[in-house]
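Working notes for the structure below.
The values are calculated or read from the model by the stated rules, or taken from the named source; none is laboratory data. Bear in mind that the values here come from a model prediction, so they are computed numbers and not experimental data. Please note: Cβ atoms are built from the backbone with ideal geometry, for glycine as well, and neighbour counts cover all protein chains shown. What goes into the accessible areas is simple: the full protein's heavy atoms, side chains included, and nothing from ligands, DNA or RNA. Shrake-Rupley method; radii C 1.70, N 1.55, O 1.52, S 1.80 Å.
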Amino acid sequence: MMAMLGNFVLESANNPGTSAFILSGAPAGRRNWSGAFPDGEVYYFADDGTQAEWGIDRLMHGIPASISRDTVLGTTQDKTARLNFTGTTFVYPALPAEYAVPVPVIQGMSVVPDRSWNARTMTLGSVDITLTGPALRAEFSATLRLTDTGANDTTWQVARAIMAIHTLDAQGNASAQTTAAAGSNLRIDRFFFLGMRASTLAHASPGTTLRLVASVQVPGSSSASTVFGMALQDGAFNWLNS
């Protein structure tokens, strides 16, 4: 789902600092956020009269409603960190300039070599992407099966594919905390290669370099306590940057 925009929406947040915007109601004649939108991603601007911040974040209904401030696209201080608002701050939806001009849609693919391993966690590959637009949708897909000689006709194992996106520091090292991550589980056996896929979405400023990392984990649930060897074929990253 794309981030949402609406007309004539305005609420204030009192002394939010660098925390989420806790919305305190709309002035007369204006709409409040919860009345204009369902829970979900929204474009927002925040302005206290001396500084402003804008981004894409999650609106969460509640008493009161709030906006998360997880993805700051820009500020009047030319940074992408949350500003420290210390007074009454007005929060309203508007389209950031980063999204006002259409950017080229870039597609890419990177193949992960076939391999076999026997471990509870295995990193399968990574690729670095420099964004030309603020949104990156990434997917990892592959086929898996058991290869361990200890597996029999009734043996099965759960494998979890994880697609994670990390920021990079000035030295090119990936952040310990992911920017976005998602996974999916698959029950595999020794007879057939079965397909699995995991995808996720991240937002960052154009020009930012992000690292896509694909891995497989073996959760505790399986037909035996032993971790069996696995084989991967046809692994690949696919991404769409817009």
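Take Ser215 and decide whether it is touching a strand residue (DSSP E or B) at 6+ places or on another chain (Cβ under 8 Å) and farther than 19 Å from Leu146 by Cα. No. One residue stands out among those in the range 70-122 that are among the charged types (D, E, K, R) and outside any loop (DSSP other than H, G, I, E, B): the one that is most open to solvent (accessible area, probe 1.4 Å), which is Arg115. Considering every residue within the range 209-218, establish whether at least one is open to solvent by 30 Å² or more (accessible area, probe 1.4 Å), in contact with a Leu (Cβ under 7 Å, 6 or more places away or on another chain), within 30 Å of Glu53 (Cα to Cα) and touching a residue at least 40 places away in the same chain (Cβ under 8 Å). Yes - at least one qualifying residue is present in the range 209-218. Selection over the range 143-173 of residues that are closer than 15 Å to Ser126 by Cβ and of a type in the set (Gly, Ala, Ser) gives a count of 3. Can you say whether Thr132 is at pLDDT below 90 and open to solvent by less than 70 Å² (accessible area, probe 1.4 Å), as far as the supplied structure shows? In short, yes. Any idea which residue in the range 156-196 is most open to solvent (accessible area, probe 1.4 Å), counting only those that are in contact (Cβ under 8 Å) with a residue 60 or more places away in the chain and more than 19 Å from Glu139 (Cα to Cα)? Among them, the one singled out is Trp156. Each residue in the range 1-60 was checked for being out of contact with any Gly (no Cβ under 7 Å at 6 or more places or on another chain), touching a residue at least 60 places away in the same chain (Cβ under 8 Å) and loosely packed, with under 14 Cβ neighbours inside 10 Å, and 3 pass.
Scanning the range 75-89 for residues being small (Gly, Ala, Ser) and within 15 Å of Asn14 (Cβ to Cβ) gives a total of 1.
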